[in-house]
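Shown next, in structure tokens, is the structure this report addresses.
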Amino acid sequence: MPAVAVVTAVAAALTLTTVTASAAEPVRAAVCTGYVGLTFDDGPAGNTTKLLDALRRNGLRATMFNVGQSAAANPSLVRAQVAAGMWVGNHSYTHPHLTRLSQAQIDSEISRTQQAVANAGGGTPKLFRPPFGETNATVKSVAARYGLTEIIWHVDSQDWNGASTDAIVQSAARLTNGQIILMHDGPANTVAAIPRIAQALASRGLCAGTISPQTGRAVAPT
């Protein structure tokens, strides 16, 4: 092949590579004017890998409120959550209605999850979300005993209730600085919504942040 043709071919290949790489880059806000908390409950499970892939591809980080027995059964997925840049929280061991349990039972649900997540490589959680968002003074006091801050949510995506991808995206569009949205690990519609959520947040100058144990609100990742 003539030298000129070789140079041309190489240049074309480099151009194609650059375009392809650029197209694969996640959409991010040019400047973060605020932060929101993306949270996913009930993992890790069968859909966790797809969810993590979607979040990573779109440059998003989130807090994964893991069920203790699922973390114990799927330690590799807990490690994958951490490797993907996610934060891991406590979502009880068996996902019961905690307000119907005794203090000792609540203690068991929370303490076993702390241990399960730590044993799986997820670190020691600092955040706790009671199943169904149900809480009372006893639940709060037990959580506090383990150094946990209780986190509910400002926006419910309703993905647990069969919400469509469009509806989940619209729910995320209601988020304002510091607020937290409830989503779940399992629904396929939730995974499908991730790219559009990322684009919509970026268009408003909002970035995915961590949740502060001090304030319970989304802040810049540290």
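The values are calculated or read from the model by the stated rules, or taken from the named source; none is laboratory data. On a predicted model such as this, the values are computed, not experimentally measured, just so you know. Heads up, the Cβs are rebuilt from the backbone with ideal geometry, glycines too, and the neighbour counts pull from every protein chain shown. Just so you know, the surface numbers come from the protein's heavy atoms only, side chains and all, with ligands and any DNA or RNA stripped out. Shrake-Rupley method; radii C 1.70, N 1.55, O 1.52, S 1.80 Å.
Quick notes on this structure:
- A single entry from THR165, THR149, THR215 fulfils the requirement of being of a type in the set (Val, Ile, Thr), over 24 Å from ALA54 (Cβ atoms) and out of contact with any strand residue (DSSP E or B) (no Cβ under 8 Å at 6 or more places or on another chain): THR215.
To keep it simple, each residue is scored yes or no on (1) more than 18 Å from ASP159 (Cα to Cα); (2) at pLDDT 95 or above; (3) open to solvent by less than 30 Å² (accessible area, probe 1.4 Å).
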position: ILE181; (1), (2), (3): no, yes, yes
position: PRO187; (1), (2), (3): no, yes, no
position: LEU206; (1), (2), (3): yes, yes, yes
position: PRO213; (1), (2), (3): yes, yes, no
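- Where a residue in segment 193-208 is farther than 15 Å from ARG61 by Cβ and its partner, wherever it lies, is open to solvent by 40 Å² or more (accessible area, probe 1.4 Å), with Cβ under 7 Å and at least six apart: GLN199/VAL27; ALA200/ALA173; GLY205/VAL31; GLY205/CYS32; GLY205/THR33
- In segment 91-111, the residues that are more than 24 Å from LEU182 (Cα to Cα) form no Cβ pair under 7 Å with any partner that is hydrophobic (A, V, I, L, M, F, W, C) and part of a loop (DSSP other than H, G, I, E, B), whether six or more places apart or across chains.
- Residues of segment 181-211 that are closer than 10 Å to ALA54 by Cβ and out of contact with any helix residue (DSSP H, G or I) (no Cβ under 8 Å at 6 or more places or on another chain): ALA198 alone.
- Criterion (at pLDDT 95 or above, open to solvent by less than 60 Å² (accessible area, probe 1.4 Å) and in a helix (DSSP H, G or I)) met by exactly one of ILE194, ILE152: ILE194
- GLN170 part of a loop (DSSP other than H, G, I, E, B) and over 24 Å from PRO44 (Cβ atoms): no
- In segment 125-140, the residues that are of a type in the set (Lys, Arg) and either open to solvent by less than 10 Å² (accessible area, probe 1.4 Å) or assigned to a loop (DSSP other than H, G, I, E, B) (or both): LYS126, ARG129
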